[in-house]
Each structure stands twice: as C-alpha cells, then as structure tokens.
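The values are calculated or read from the model by the stated rules, or taken from the named source; none is laboratory data. Keep in mind the model is a prediction, meaning the values are calculated, not measured. Reconstructed Cβ throughout: ideal geometry from the backbone, glycine too, with neighbour counts over all protein chains shown.
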Amino acid sequence: MQKLVVLQRAAVQIIHTLLPLLAGLFIISCSTRESVVRENPAGYSRSGSGSLGVAVSQPKAYRIKQGDSVDVSVWGYPEFTTKSMVREGGMIIVPLVGELMVDGLTKEQFQQLLKQKLSDYIHGDPRIIVAIFSPLTQKVTVIGAVVKQENFPVLTEVPLVEMISSAGGSTPEADLRHVKIIRAGRNEDPVEVDLATALENGTVEGLPRVRPGDTVFVPKTENAVKQFSDFLRDAVLLFGFFSFVH
C-alpha cells in the first residue's frame, strides 16, 4: 500500500511539472503560427496548423507548341483515337473532325475545342482524354508530407514553393524547416531548405530552384504538443487507477 501511495504522489508531481511546460509549448506554437500567417508577405497561404497551402502564384499551364505529340482518346468512341504531331503552323489532324489549330492552347482549352467539334458526332458530354508530350518535358517528383505525392512535368527550373503547391500543399505534420531537394543525376548531397523561415521573412524568391529530374522531399515533424498531451493523458489515467486501488 505504501508503494501505491508513493507512485500516486509521483504521478501527481509529474502532472504538476508537465502542465506549465505543456501550456508554454501550446502558447509558443500558436504565436509562431500566427506570426507566420501575419508576417508572410510573399503571397503564399499557410493553414492554422502551419502547413503550406496552395500558393497564390501557380505554375503556368503548359501550352501546346510545334513539335509536341498530342494523344487524343474519347471514352467509348475509339474511332476518334489519334496520336498526332503538331506540325508547322500549329495544326493537328483528328479523325473525322479534320485539322485543328492547337498551337498556344492549354490542354484544357484544347479539350473544350475538341468537345465543340465532336458535338456534331456525339450527343451528351463526351469524356475526352488528352495527353501532351514535349521532347523537352521532364519530371519533378514531390514526396513526403504533401497532399498529393506525384510526378509533375516541367520544362525548366521551377520555384520550390510552386512545386509543393502543385502537390496540393504540405500536410499539417510537414516539417517545412528541413525540406530537401535531391538533385537528379549528380553526385551531390541533397540541398536542405528552410522554407518555413523563408515564408516568414518573405524571402522565398531567393531559395534554390527545383530543376527537371529533381526530387523534392518534405519530411514530417514530431508534434511536441501532441506528444506531451498524450503523456499527460497517460499520467492522468495512471493517477486515476492508483486512486481507485487506494
């Protein structure tokens, strides 16, 4: 019984010790997040959890140009399937439809144009699938604590923030102070970027840019507040158990 009393007192002491620390961590965490949102002049949004949202400035949509290969398929209508090279003058040929001017169009604009042309042959809303391949197109892979881990086509260097935004933004548990850019085909150490500080200071334009073929890794961070909350919860349960026994 004396051992139980000693353990009970120890649990109470742990709770009393952790409560001020937990409160302090919570206040610091909240104030840091508020300052990031308030002092971020770069135009990029961060959620209340501190994650990076979709940037105001999105990568420009790719526009079809001469030399690109355009694949077209219409769900349920194989007669319209085609693979066509954009010829000089910006034209491609679609079966039954004929020549279409596509130079300078985005994929979405081309889909709308094709939908209008197909209305003479197909009733309703056809499902049109378009894939555009450029001889210069390469990919950047974004993985880790982002909404959508995926490969993204790029033609040239892209700002780091825009690549993360293309992946839907970072998740709440993302550690934006230790984002890594892994260079493709080079014997280089990964480039570590403190994106959180750059967002706070409005200096994102000075960050290293992502090159075609690179991989962007956004690590997860340990949530200190949650860890201490879980520990406190366990201590309370332990205290309740000892009280019941006593």
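Worth pointing out:
- Of all the listed residues (T156, T141), the sole one being part of a strand (DSSP E or B) and assigned by TED's automatic domain parsing to the domain that holds V179 is T141.
- Which numbered condition L160 fails, given (1) surrounded by fewer than 20 Cβ atoms within 10 Å (Cβ to Cβ); (2) at pLDDT 90 or above: (1)
- For the residues I143, I128, I164, I182, the requirement of being touching a helix residue (DSSP H, G or I) at 6+ places or on another chain (Cβ under 6 Å) and not aromatic (F, W, Y) singles out I128.
- The condition of being outside any loop (DSSP other than H, G, I, E, B) and farther than 30 Å from G202 by Cα holds for only one of E88, E162, E108, that being E108.
- Scan of the stretch 174-185 for residues that are in a loop (DSSP other than H, G, I, E, B) and surrounded by 17 or more Cβ atoms within 10 Å (Cβ to Cβ), ordered by number: D175, L176
- Filter result for S165 (of a type in the set (S, T, Y) and within 30 Å of V86 (Cβ to Cβ)): yes
- Residue within the stretch 108-116 that is free of Cβ contacts under 8 Å to residues at least 40 places away in the same chain and either at positive phi or within 24 Å of the chain's Cα centre (by Cα) (or both) present: no
- Scanning the stretch 185-197 for residues that are free of Cβ contacts under 8 Å to residues at least 60 places away in the same chain and in contact with a helix residue (DSSP H, G or I) (Cβ under 7 Å, 6 or more places away or on another chain) yields a single hit, V193.
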